[in-house]
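Chemist: Take this structure, written in structure tokens, and hold onto it; I'll ask about it next.
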Amino acid sequence: MCVKRVPITGGKIVLTDDEQSIRTLHLGFTISPHEECGVEEAVRIVEQQGGESVVLTLGPPEAEEQLRECLAMGADHAIHLVTDEQEWDAQATAAAIVETVRAEVPFDLLVFGNESADAGGYQVGIRVAYALGLPVVTGLKGLTVENGRVRAEQEVSGGRDVYDVQMPAVVTVLEGLNLPRYPSVPAKLRAQRKPVEQRRPTRIEPKLEKLRLVVPEGQGKQAEILGTGPEAAPRVVEVMQQIGVA
Amino acid sequence: MNVLVFVEPGDDLSRQALGFAREIGDARAVSVEGAYAPAAWAAALVDAADGADAIVAAGSVHGNEVLAHVAARLDQPFAANVTGIDGDVVTRQRWGGSLLEEARVQGSPLVLSVAPHVHAADEAEAQVDTLVAGANGSPQVVDRVEAATGGVSLADAKVVVSGGRGVGSAEGFAIIEELAGLLGGAVGCSRVVTSAGWLPHTNQVGQTGTKVSPDLYVACGISGATQHIAGCKGAKKILAINSDAEAPILASADYAVIGDLHEIVPAISAELRKARGT
């Protein structure tokens, strides 16, 4: 499964002076929520059916922290495609993943998040599938692996569309697929001893090149205080009646 | 500029994408008939795009997926959820719209999806050509599971009453459910709540949950992380109930009540009953 290190943005996004990234001095980091569910799902499949799960990330040296978190969740080993400070676009990211996957033992299933929390490009998993000539199903909230096939449930308006594909295959998943586990302390300690293999891929020139980031306008509302404590209830109901919902 | 627009019949976001396409060039709208099969549909679009300078679709589940297939097939960049374009520089959404990015795109054709609810829908009667996708052996829908019905759907609710960390426990949601019920609304929650297992993910409002657009959104004990705001900023009005007068949610809310939600929420329910004489 492939994961990406992203900041935990909290309540307000503040940019660095060069407008190239989010100011993260006081922020923690995590992996995108969809990917947490991807890691959990892969670990469960291996727990139930045997085999091995490998977690891969492309990111700065600090992204090893996120790989260790995934190892603590139960992944068997990790591959770190180490980058410098530059951001990689989706095509460059997919190319590096493809090169790595080709060099490994053949995988039955490649799991991606449907879109990353930060860049939100909706495409890396699909690009990898095309390059490897594999079928791909995206946006999954249900996944069953049986007899070399994947039954994949994609959430659509009013229900779920079900796909049935032969492995090897690529899937991209959404949060809600499962409830990821919190790793125990012993699992975190074991994760520190699991292998993380480092490689340095070459970045192809971006065709979608970030120039600068902009915090959108319209976040500067200031709420009208209707009151303090339960005594505010009559005023709240008044407002609800004005809006036409009470 | 010749723009090929992928539309889905009856889809409002597709009409918005068409509106955007008409702003930037001569648009030709196409849809694909038959059961949804993203890889095969993308192949049909690529065939139809001969000579087009841009291929555009809605930044919807299907729009983003089909265009990612198109871009992978053509080995071209794909800019998802674009809000504007100026020459070869696109502005697009990151973080579910909490942040914008200006990016230079070198694509021929340009492949881009249009961010939802940024451009007005094209109301003019558009001619839509129907394409037929070839059976290229790609994954396609083999079955359909209908969603369980009953209750008010979160995405369509006129009122959503949501709880966050401040609710404190699964049991604590009884007062949230009571107020939502009185208002004929749906119950929502923040990501903290689903991660703790207090409510299922189907109740989660946010960037990685459901995006809601009610007339009133009541945020109880929710601090207002960008992850959450990305899901509720479509609400016409937001009422925050929070013990912290400095919480970030107040910068996204229209109204606020400061104090303990465990006292305030039942008081509002009682006041509603009183006002209705029940």
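Laboratory data are not the source of any read-out in this text; all were calculated from the coordinates shown. Keep in mind that this is a model prediction, so the values were computed, not measured. A quick note on method: Cβ atoms are made from the backbone with ideal geometry, for glycine too, and the neighbour counts reach across all protein chains shown.
Chemist: Do any strands (runs of 3 or more DSSP E) entirely within the stretch A:145-246 hold 1 or more residues that are more than 8 Å from chain B (Cβ to nearest Cβ) and either under 25 Å from the mean Cα position of the chain (by Cα) or not acidic (Asp, Glu) (or both), and if so, which? Walk me through how you get there before you give the answer.
Modeler: On the way: elements: A:149-156, A:159-166, A:169-173, A:196-199, A:208-214, A:224-228.
Filter on the stretch A:145-246 gives A:149-156, A:159-166, A:169-173, A:196-199.
Chemist: Do we have any residue at all in the stretch B:12-27 that's among the aromatic types (Phe, Trp, Tyr) and surrounded by 24 or more Cβ atoms within 10 Å (Cβ to Cβ)?
Modeler: As a first pass, look at the stretch B:12-27 and keep what is among the aromatic types (Phe, Trp, Tyr): B:20.
Next cut, surrounded by 24 or more Cβ atoms within 10 Å (Cβ to Cβ) only: B:20.
Checking the stretch B:12-27: at least one residue is among the aromatic types (Phe, Trp, Tyr) and surrounded by 24 or more Cβ atoms within 10 Å (Cβ to Cβ).
Chemist: Scan the stretch B:190-213 and tell me whether some residue there is touching a residue at least 12 places away in the same chain (Cβ under 8 Å), more than 23 Å from residue B:147 (Cα to Cα) and under 19 Å from the mean Cα position of the chain (by Cα).
Modeler: no
Chemist: Got at least one residue in the stretch B:117-126 being under 16 Å from the mean Cα position of the chain (by Cα), assigned to a loop (DSSP other than H, G, I, E, B), within 20 Å of residue A:123 (Cα to Cα) and within 14 Å of another protein chain (Cβ to nearest Cβ)?
Modeler: No, because not a single residue in the stretch B:117-126 is under 16 Å from the mean Cα position of the chain (by Cα), assigned to a loop (DSSP other than H, G, I, E, B), within 20 Å of residue A:123 (Cα to Cα) and within 14 Å of another protein chain (Cβ to nearest Cβ).
Chemist: In addition: Check whether at least one residue in the stretch B:83-91 is out of contact with any Asp or Glu (no Cβ under 8 Å at 6 or more places or on another chain) and within 7 Å of another protein chain (Cβ to nearest Cβ), and report yes or no.
Modeler: Going through the stretch B:83-91, the residues out of contact with any Asp or Glu (no Cβ under 8 Å at 6 or more places or on another chain) turn out to be B:83-88.
Going one step further and asking which of them are within 7 Å of another protein chain (Cβ to nearest Cβ), we end up with none.
Within the stretch B:83-91, not a single residue is out of contact with any Asp or Glu (no Cβ under 8 Å at 6 or more places or on another chain) and within 7 Å of another protein chain (Cβ to nearest Cβ).
Residue-by-condition table, conditions (1) in contact with a Leu (Cβ under 6 Å, 6 or more places away or on another chain); (2) among the aromatic types (Phe, Trp, Tyr):
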residue: A:149; (1), (2): no, no
residue: A:162; (1), (2): no, no
residue: A:182; (1), (2): no, yes
residue: A:194; (1), (2): yes, no
residue: A:199; (1), (2): yes, no
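Chemist: Would it be correct to say that residue A:52 is in a helix (DSSP H, G or I) and out of contact with any Pro (no Cβ under 6 Å at 6 or more places or on another chain)? Step through it out loud before you land on a result.
Modeler: Numbers: in a helix (DSSP H, G or I): no; out of contact with any Pro (no Cβ under 6 Å at 6 or more places or on another chain): yes.
Judged against the criteria, residue A:52 is not a match.
Chemist: Still on this structure, I have one more. For residue B:169, work out the one condition from (1) under 16 Å from the mean Cα position of the chain (by Cα); (2) in a loop (DSSP other than H, G, I, E, B); (3) farther than 24 Å from residue B:276 by Cβ it doesn't fulfil.
Modeler: All conditions are met except number (1).
Chemist: Do you know which residues across the stretch B:118-159 are free of Cβ contacts under 8 Å to residues at least 40 places away in the same chain and in contact with a Pro (Cβ under 7 Å, 6 or more places away or on another chain)?
Modeler: none
Chemist: Note down all Cβ pairs under 6 Å where the first residue falls in the stretch B:259-278 and is acidic (Asp, Glu), the second is in a helix (DSSP H, G or I), and they're at least six residues apart or on different chains.
Modeler: B:263/A:230; B:271/A:233; B:271/A:234; B:271/A:237
Chemist: Still on this structure, please answer the following. Of all residues being within 25 Å of the chain's Cα centre (by Cα) and hydroxyl-bearing (Ser, Thr, Tyr) in the stretch B:92-116, which is farthest from the other protein chains (Cβ to nearest Cβ)? Just the residue, please.
Modeler: Within the stretch B:92-116, the match that is farthest from the other protein chains (Cβ to nearest Cβ) is B:113.
Chemist: Same structure again: Quickly run through the stretch B:245-267 and pick out the residues that are part of a helix (DSSP H, G or I), facing chain A (nearest Cβ under 7 Å) and touching a Pro at 6+ places or on another chain (Cβ under 8 Å). Before you say what the answer is, go through the steps one by one.
Modeler: Initial filter on the stretch B:245-267 (part of a helix (DSSP H, G or I)): B:248-251, B:261-267.
Checking which are facing chain A (nearest Cβ under 7 Å) leaves us with B:248, B:250-251, B:263-264, B:267.
Within the stretch B:245-267, B:263, B:264, B:267 qualify.
Chemist: Every residue in the stretch A:122-135 that is more than 7 Å from chain B (Cβ to nearest Cβ) and either hydrophobic (A, V, I, L, M, F, W, C) or in contact with a helix residue (DSSP H, G or I) (Cβ under 6 Å, 6 or more places away or on another chain) (or both), please.
Modeler: Matches in the stretch A:122-135: A:124, A:128, A:129, A:131, A:132, A:134.
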